[in-house]
1. Which condition breaks for Gly220 when tested against (1) within 17 Å of Leu71 (Cβ to Cβ); (2) exposed (fewer than 15 other Cβ atoms within 10 Å of the Cβ); (3) at pLDDT 90 or above?
2. Being in a helix (DSSP H, G or I) and over 27 Å from the mean Cα position of the chain (by Cα) is the requirement here; does Arg244 meet it?
3. Here is a check on your reading of the model: is Arg257 modelled with pLDDT of 85 or more and surrounded by fewer than 19 Cβ atoms within 10 Å (Cβ to Cβ)?
4. Taking the options Gln212, Gln205, name whichever one is surrounded by fewer than 17 Cβ atoms within 10 Å (Cβ to Cβ), assigned to a helix (DSSP H, G or I) and either modelled with pLDDT under 85 or not acidic (Asp, Glu) (or both).
5. Condition first: more than 27 Å from Ile83 (Cβ to Cβ), out of contact with any strand residue (DSSP E or B) (no Cβ under 9 Å at 6 or more places or on another chain), acidic (Asp, Glu) and not in a helix (DSSP H, G or I). Can you find one or more residues in region 188-202 that meet it?
6. Please specify each residue of region 135-150 satisfying the condition of being assigned to a loop (DSSP other than H, G, I, E, B) and within 18 Å of Ala110 (Cα to Cα).
7. Does region 109-122 contain at least one residue that is surrounded by fewer than 18 Cβ atoms within 10 Å (Cβ to Cβ), polar (S, T, N, Q) and in contact (Cβ under 8 Å) with a residue 24 or more places away in the chain?
8. Kindly establish whether Lys132 is in the same structural domain as Pro95 (by TED's automatic domain parsing), crowded, with 17+ Cβ neighbours inside 10 Å, basic (Lys, Arg) and assigned to a helix (DSSP H, G or I).
Amino acid sequence: MKKTTLAVLAAVTLAFAGTTYVHAQEVADAPTGAIVDSTTGQASSGTPTAAAPRGTFYNVLFGSGSLGLILWLAIFGAGGFYIYLCVTLGILIRPSKIMPQTLIDNVTAAMKEGDVVKAIQFCENEPVPMAKILTAGLSHVEEGFEVIQEAIGAASDLEIEKLNQQLTWLSVDSNIAPMLGLLGTVQGMIKAFEVLGTGDPDVAQLATAISQALWTTAAGLCVAVPAVCTYYAFRNKANRIVIRMEATTMELIKDLRNVEVVTE
């Protein structure tokens, strides 16, 4: 029993001695002026500071200065604008909003009857892009088929340009977001080198500056990448609808050479 107790005491003593030696070695290896945490044995330079959570997005957001905060607000704004554009374009760029089937059916029926005036009235009741194109063409029915084609072509170009202008905002947003992220990266690296230039850098400030550089780049790309993909998706969808609309329009007016205008 005594031998067992002595063996346990000897083991505890050796373990304590080993721990003390390692801790002392870490203190000896620490640079001059460093502070060693007695619980973890890790050395840190400078004066002791109050404990604060580090490496969190909160510190990056509010520890990057007024310029950094403005950049983050701008990136958040670009993200919000992207969501708004997605919802708006998702509602507008649809066949039912550009060339509703009811309009096509009504105009087709009116054209079969040879009643161009009635077809124009149907178009005026539904102010959609296709209705505006048809109205532009049917309004020149007495001037010949070539004039009708020219009027429809000019009206089609105008309506396509309106769609492209709405899509352009999505392209602008996809280009601005990574630029804001890059500007945040530059601002974070400037702060990082300023901290290093002091000669006795604060690790917390240095880490925050580097995190600012990386987080803003990541945030800008998180907005830009889906914005670019969404832009091309909506553009291709709009082109398909426009081609279909032009084909349908030409199909509706192809028999206008033989149509007599009905007047009241």
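The values are calculated or read from the model by the stated rules, or taken from the named source; none is laboratory data. Just so you know, these numbers come straight off a predicted model, no measurement behind them. For neighbour counting, all protein chains shown are included, and Cβ atoms are generated from backbone atoms with ideal geometry for every residue, glycine included.
1. Tallying (1) within 17 Å of Leu71 (Cβ to Cβ); (2) exposed (fewer than 15 other Cβ atoms within 10 Å of the Cβ); (3) at pLDDT 90 or above, Gly220 fails exactly one: (2).
2. Criteria met by Arg244.
3. no
4. Gln205
5. Looking through region 188-202, at least one residue is more than 27 Å from Ile83 (Cβ to Cβ), out of contact with any strand residue (DSSP E or B) (no Cβ under 9 Å at 6 or more places or on another chain), acidic (Asp, Glu) and not in a helix (DSSP H, G or I).
6. Hits for region 135-150 are Ser139, His140.
7. No, there is no match, as no residue in region 109-122 is surrounded by fewer than 18 Cβ atoms within 10 Å (Cβ to Cβ), polar (S, T, N, Q) and in contact (Cβ under 8 Å) with a residue 24 or more places away in the chain.
8. Considered against the rule, which asks whether it is in the same structural domain as Pro95 (by TED's automatic domain parsing), crowded, with 17+ Cβ neighbours inside 10 Å, basic (Lys, Arg) and assigned to a helix (DSSP H, G or I), Lys132 comes out as yes.
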